[in-house]
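The values are calculated or read from the model by the stated rules, or taken from the named source; none is laboratory data. What you are looking at is a predicted structure, and each value in this text was computed from that prediction instead of being measured. Because the Cβ atoms are built from the backbone with ideal geometry, glycine has one as well, and the counts that use them run over all protein chains shown. Just so you know, the surface numbers come from the protein's heavy atoms only, side chains and all, with ligands and any DNA or RNA stripped out. Shrake-Rupley method; radii C 1.70, N 1.55, O 1.52, S 1.80 Å.
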Amino acid sequence: MDKKNQTEVTEFYFSDFPQFEDGDLLLFILLLCVYLFIVVGNSMIFLAVQLDVRLHNPMYTFISIFSFLEICLTTVTFPQMLYNLVSKEKTISFIGCLLQVYFLHSFGITEGLVLKIMAIDRYVAICNPLRYAIIITPELCTQLSTGSFILGFLMLLPEIVWMSTLPFCGPNQIHQLFCDLEPVLLLACTDTSMILVEDVIHAISILSCVSLISLSYLRIIMVVLMIPSGESRQKAFSTCTAHITIFVLFFGSVALMYLHFYVTFQPILEKVIALMFAVLAPFFNPIIYSLRNKDMKDAIKKMFTSQKIFTVSGS
């Protein structure tokens, strides 16, 4: 195609969102409630860990970081989806779309790295408890957390810079709930064979991360089963159950979203999978860690009790 006749795309259109009708108001309210629950629930966990000195240890520090990342990851996609439900335009600028892709994957990669650190933390705590305090020091926790953010936000930067140089001359319709790598790359007016290379790289990254975490938890389970005391065994299992559940929810939705390669789903099923990716782990994270963890429940109750006392004394 002659470059002179190409029209540069300045915005993308989410074509699969329905026009707003009375029935869509219920969907909008439902998604808004889910988003608010995710933000409030994960904020409670984050604040409880920061405010309660009893939770100032590596395990809860990583849980609070993960909860913070869940808020960020959800905020990247949900406001735009809610806007698209009620707006007639249903558009996003070219730069806005690239930024959404960048932050979506950067926060996602960082979450995966934090889950890996959480698995290693539990591995050392259960498999090598006498040396835990020596190995997992506050300095190491800070270094691992900082490194996860730096690596998470650097890994996708070359791809986003490369995507920003591609010609987009139309069509501009994105057949997904939010901007993502493959739906955007398919709209580029150039050879898109690099999509396969991208898929392979992402698959290797996801599978290597899943394999390392799975091996860590498998080793933990083997060690726990050899503990003679039933009470100690139960306590050890309870500290890992929540971690394993969140790990399965997060990487299960990631696998459905990014590891199907050339397997094509019905459009409606693709939207459901995308919604699961955006909702599953962030929604259940506060439920799992607040219901199954006595220390976390006590910290949240203490936080609300302290706030109530402060309000009463202030009045």
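Points worth noting:
- For the chain, the longest principal axis of the C-alpha atoms and the axis of helix 294-314 are separated by about 90°.
- Contact order normalised by residue count of the chain, Cα under 8 Å, 6+ apart, percent: 27
- Computed with a 1.4 Å probe over protein heavy atoms only, the accessible area of Met226 comes to about 130 Å².
- By accessible area with a 1.4 Å probe, ligands and nucleic acids excluded, highest first: order of Phe304, Phe12: Phe304, Phe12
- Summing Cβ point charges (Lys, Arg +1; Asp, Glu -1) relative to the Cα centre of the chain gives a dipole of roughly 1440 debye.
- Across the range 102-237, Cα pairs under 8 Å and at least six residues apart give a relative contact order of 33 percent.
- Rounded accessible area of Val86 (nearest 10 Å², 1.4 Å probe): 70
- For the chain, alpha-carbon Rg relative to the globular expectation (2.2 N^0.38 Å, N residues): 1.12
- Rounded to the nearest 10 degrees, the inclination of helix 230-258 to the longest alpha-carbon principal axis of the chain is 0 degrees.
- Structure-based [θ]222 nm, the chain - -39500 (n - 2.57) summed over DSSP H runs of at least 4, per residue, nearest 500: -26000 deg cm²/dmol
- Between Ile160 and Cys33, the C-beta separation translates, for a Förster distance of 22 Å, into a calculated FRET efficiency of about 0.10.
- Asp199 accessible area, 1.4 Å probe, all protein chains in place, Å² to nearest 10: 30
- Degrees between helix 58-86 axis and first principal axis of the chain (Cα, 0 to 90, nearest 10): 30
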